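> I have a structure I would like to understand better, so I am pasting it below and will then ask my questions one at a time.
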Amino acid sequence: MHRPLYLLGFGYLAICGVVVLRHRAGPSDAPPPAPGPVAASFGGSAWEWFAAIKPYCNAVEVELAQRQHPAPSTLDGQGFSAACYALGGKIDLARAVIDRLAARDRYQAAGIVFNVARPGAAAGDDRSAGPIMELVVDYIPNHYMALYHAGMSEYALGQPALARTHLKAFLSYYHENDGWTRNARDVLARLR
């Protein structure tokens, strides 16, 4: 009486074993795995893209955010993309974005980077803004405000030779008798 039940049980185990083995091996004509997530394109203006992504323009999230939500391919879009990388401290990635543009357009993208970073520098955060301003100066060598902020950053960071170079260049382009000029002259006097 137990013999038919044993045979039924062994038959059930055999079927289960075959199903498991086939599942592990997978069919040989299976399609390749689906590609990873596809970046969503942004349908708005470059400014709208930047306003949406700006909270993610930090050292931890900037690369992933831009990979998942790339900037518009316009000149402004690429300028804001570079600015976002720069705010996140990824100066090399910002430079790479600008360098992919036509040579005649690079200064405009660098100008966007400056406009985005300037409020922090004007508020007195020259240490953080310094590397960004140096990036701007690389593309716009006569940008007097970028020269000023780069020089002040280098002074604050104990880089007297670079500070001297940038502040002297600032004074050669900027001739107003105001606080910017006085500060640059004061720092240059301290560096002598």
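The values are calculated or read from the model by the stated rules, or taken from the named source; none is laboratory data. In this text the structure is predicted, and so the values were computed from the model without any measurement. Using ideal geometry, Cβ is built from the backbone for each residue, glycine included, and neighbour counts are taken over all protein chains shown. Accessible surface is based on the protein model in full, side chains and every heavy atom, while ligands, DNA and RNA are left aside. Shrake-Rupley method; radii C 1.70, N 1.55, O 1.52, S 1.80 Å.
> Would you please give the FRET efficiency between residue 168 and residue 107, computed as 1/(1 + (r/R0)^6) with r the Cβ-Cβ distance and R0 = 22 Å, to the nearest 0.05?
Taking R0 as 22 Å, the efficiency between residue 168 and residue 107 is 0.50.
> Multiply the residue gap between residue 96 and residue 45 by 0.36 nm, knock off their C-alpha separation, and tell me the result in nm, one decimal place.
Separation in residues times 0.36 nm, less the Cα-Cα distance, equals 16.2 nm.
> For the stretch 82-92, what does the Karplus curve 6.51 cos²θ - 1.76 cosθ + 1.60, with θ = phi - 60°, yield as ³J(HN,Hα) per residue in whole Hz, taken in order and with x for Gly and Pro?
So the Karplus estimates, Gly and Pro as x, are 4, 5, 5, 4, 5, 4, x, x, 9, 4, 5 Hz.
> Right, something else. Per-residue counts of other Cβ atoms within 10 Å, averaged by peptide: what ranking do you get for 179-192, 45-58, highest first?
The most tightly packed comes first, giving 45-58, 179-192.
> Hey, any idea what % of the stretch 51-192's accessible area is carbon plus sulfur with a 1.4 Å probe?
Carbon and sulfur together cover 50 percent of it.
> So, one more: Amide H of residue 61: which non-local residues (sequence gap of 5 or more, or other chain) have their own amide H closer than 5 Å, using H built in the peptide plane?
Here nothing satisfies the definition.
> What whole-number value in Å² describes the accessible area per residue of the stretch 115-184 for a 1.4 Å probe?
Accessible surface, normalised per residue, equals 48 Å².
> ³J(HN,Hα) across the stretch 149-166 via Karplus (A = 6.51, B = -1.76, C = 1.60, θ = phi - 60°), whole Hz, x for Gly/Pro?
Once θ is set to phi - 60°, the couplings for the stretch 149-166 become 5, 5, x, 5, 5, 5, 4, 5, 8, x, 10, x, 5, 5, 4, 4, 4, 6 Hz.
> Under the Karplus relation 6.51 cos²θ - 1.76 cosθ + 1.60, θ = phi - 60°, what is the ordered set of whole-Hz ³J(HN,Hα) values for the stretch 108-116, x standing for Gly and Pro?
5, 5, 5, x, 5, 4, 4, 4, 6
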